[in-house]
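Step one of this worksheet: look at the structure below.
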Amino acid sequence: MPSVLLVVFVIQLLLHTLNTLIGGDNVNQLLWAIYIRLPTPQSDDARKTLQYGKEAQRLKREMAAVSAQDDFAKWARLRRGHDKAKEQYEKAAASQQSTRQMFNRIMSAVRWLGTQGVNFLINTYFGSTPMFWLPQGWVPYYAEWVLSCPRAPLGSISVNVWGIACGSVIAMLSEAVRATITLKQGEVIEGANKGEKLKMEAISIPPVSKNSKKEL
Amino acid sequence: MADEHEMPPSLKPVLDQKSLKWIFVGGKGGVGKTTTSCSLAVQMAKVRKSVLLISTDPAHNLSDAFGMKFGKDARPVTGVPGLSAMEIDPNGSISELISAGGDDAQQAMQGLGGVGNMFQDMAFSIPGVDEAMSFAEVLKQVKGMEYEVIIFDTAPTGHTLRFLQFPTVLEKGLEKLSQLSQQFGGMIGNLVNARGGLPNGQSFDDVLKKMEDLRDTIGEVNKQFKNADLTTFVPVLIPEFLSLYETERMIQELGSYEIDTHAMVVNQLLFPKKDNPCEQCNSRRKMQKKYLEQIDDLYGEDFNVVKMPLLVDEVRGVESISKFSEMLVTPYEAPQ
């Protein structure tokens, strides 16, 4: 049994990685991509949808290559095929969309349970176990009381507080790392305005020459 | 070219299909819908007891084609026993409907003042509803009349297809209207009563009920239209690209409405003699031939493709139409 301290830290790390660094939607997308590659009924549908889409595109290209004026019969047949394939594609895509929404909902729930749920379980189970003891007299009574919230013995650090501390430190560290990378590259590395140049120069203090007058 | 699978190039199968009750004739403007529908009606009148020809094209040509005046009521065509014709305006107004055909409809609306206009606006806000209404009215009338076959000379392509969509549109619209009347019925009722009530002792409920009756009528008629034994659509086209294109589109669309098409009329074919010096005719013939081949290729298996020649004079008058109509049944033999 690994120490509870470590387990809580790892969970906090996981939470942060999944929800902030990767993002819930991306996780769902990845899982969906894996899911439709498995031998499930949905994988069949997905393949069919893709097939219809490709077929429609192929027919459209072919249709463009045939002159409607000179070869109407052939053109019209292609068009019928194209319309049919397109209709099938749209239908399949729509039905897949609903399955996918369901999948996303379930996956989000599972993810939530896997992280926040485990977190909650641990907090409940180890609620009255002291993580470690504070040296006596370091902090005043009321601070001790807060640190031992909700159920740990007075003078110790409770699992909840430890979790919060881990989360905060991880968030701050990750923020610091990302900020450092951003500054180093001189452009935004994530978010909506990705790739934009930073308005701020990298930190470099210009040398102040002794002769120059200070402007007031 | 005479493939065994190909259907005979005449409208005889349509004439012989005794179960047919509704025949639509449609196509792009200027391809000869009216001439074709008149001819078909004349031929139909020979094999059936009573035939009614209805023009729903706002630009009424029936009177022109037969050389006699037709109106809103069915009138027999002189010289063709068993055939009657009528011209209806699909853009009739809703006020006619409210007064149930009475002439004081306009007056009634004026008497209502603002409320009447509001109601009119509300009803008109449903797209295509006025056309649907008047069509439904006509269909109701027609249903009452005992005609064996009813042939529609329809307005150019778009309108026809819109009309066939009406039951769905109308259903949605009426739903909204009755919802509105439930929500605001009291308010409207108060306003109307303050002005002395609707003329002829009608109420909005009555009007709504009338509309719902119409919806039922249209729904029922639509069911018949979707029955291939009862209804068929005869596209008329000329062997030119745009006409052919529109026809293909129309046939596909009709398919999606589950309306049967199995006969088409290719009109205005040129048959210049072999040693004809007319360059224009010959090159045009060449173009027509190209499209005719395409038509045979594309539709030959599933359609009776009737080929009609372009005559030297206009097809007008009963006699001329009768002569022209013969060619719908016995294929035209081009002079060599």
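The values are calculated or read from the model by the stated rules, or taken from the named source; none is laboratory data. Since we're looking at a predicted model, the values are computed, not measured. Glycine also receives a Cβ, built like all others from the backbone with ideal geometry; neighbour counts cover every protein chain displayed.
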Original post:
When you go through (1) among the aliphatic types (A, V, I, L, M); (2) within 14 Å of chain A (Cβ to nearest Cβ); (3) closer than 22 Å to residue B:36 by Cα one by one for residue B:315, which number turns out not to apply?
Top reply: (2)
Original post:
Filtering segment A:147-160 down to residues that are touching a helix residue (DSSP H, G or I) at 6+ places or on another chain (Cβ under 8 Å) and either in the same structural domain as residue A:117 (by TED's automatic domain parsing) or not small (Gly, Ala, Ser) (or both), which residue is nearest to residue A:6 (Cα to Cα)?
Top reply: A:159
Original post:
Quick check, is residue A:29 among the polar types (S, T, N, Q) and within 19 Å of residue B:245 (Cα to Cα)?
Top reply: no
**OP:** Would you confirm whether any residue within segment A:114-121 is in contact (Cβ under 8 Å) with a residue 40 or more places away in the chain, of a type outside the set (Gly, Ala, Ser), away from chain B (no Cβ under 14 Å) and crowded, with 17+ Cβ neighbours inside 10 Å?
**Re:** yes
Original post:
What number of residues within segment A:55-73 are over 16 Å from residue B:251 (Cα atoms), of a type outside the set (Gly, Ala, Ser) and either away from chain B (no Cβ under 14 Å) or not in a loop (DSSP other than H, G, I, E, B) (or both)?
Top reply: 8
**OP:** Out of the residues in segment B:262-288 that are touching a residue at least 40 places away in the same chain (Cβ under 8 Å) and within 14 Å of chain A (Cβ to nearest Cβ), state the one that is nearest to residue A:70 (Cα to Cα).
**Re:** B:287
Original post:
For segment B:281-336, which residues satisfy the criterion of being farther than 22 Å from residue B:255 by Cα, assigned to a helix (DSSP H, G or I) and touching a Phe, Trp or Tyr at 6+ places or on another chain (Cβ under 8 Å)?
Top reply: B:285, B:291, B:318, B:321
**OP:** For residue B:56, indicate whether it is closer than 25 Å to residue B:241 by Cβ, touching a residue at least 12 places away in the same chain (Cβ under 8 Å) and under 15 Å from the mean Cα position of the chain (by Cα).
**Re:** no
Original post:
When you go through (1) touching a helix residue (DSSP H, G or I) at 6+ places or on another chain (Cβ under 8 Å); (2) within 14 Å of another protein chain (Cβ to nearest Cβ) one by one for residue B:247, which number turns out not to apply?
Top reply: (1)
Original post:
If residue A:131 satisfies every condition in (1) part of a helix (DSSP H, G or I); (2) in contact with a Phe, Trp or Tyr (Cβ under 9 Å, 6 or more places away or on another chain) but one, which is the exception?
Top reply: (1)
Subject >> Flag if residue A:111 is more than 14 Å from every other protein chain (Cβ to nearest Cβ), exposed (fewer than 14 other Cβ atoms within 10 Å of the Cβ) and assigned to a helix (DSSP H, G or I) >> reply: no
Original post:
What is the one condition in (1) more than 14 Å from every other protein chain (Cβ to nearest Cβ); (2) of a type outside the set (A, V, I, L, M); (3) surrounded by fewer than 16 Cβ atoms within 10 Å (Cβ to Cβ) that residue B:307 does not satisfy?
Top reply: (3)
Original post:
Among the residues of segment A:32-54, which ones are of a type in the set (A, V, I, L, M), surrounded by fewer than 17 Cβ atoms within 10 Å (Cβ to Cβ) and part of a helix (DSSP H, G or I)?
Top reply: A:33, A:34, A:50
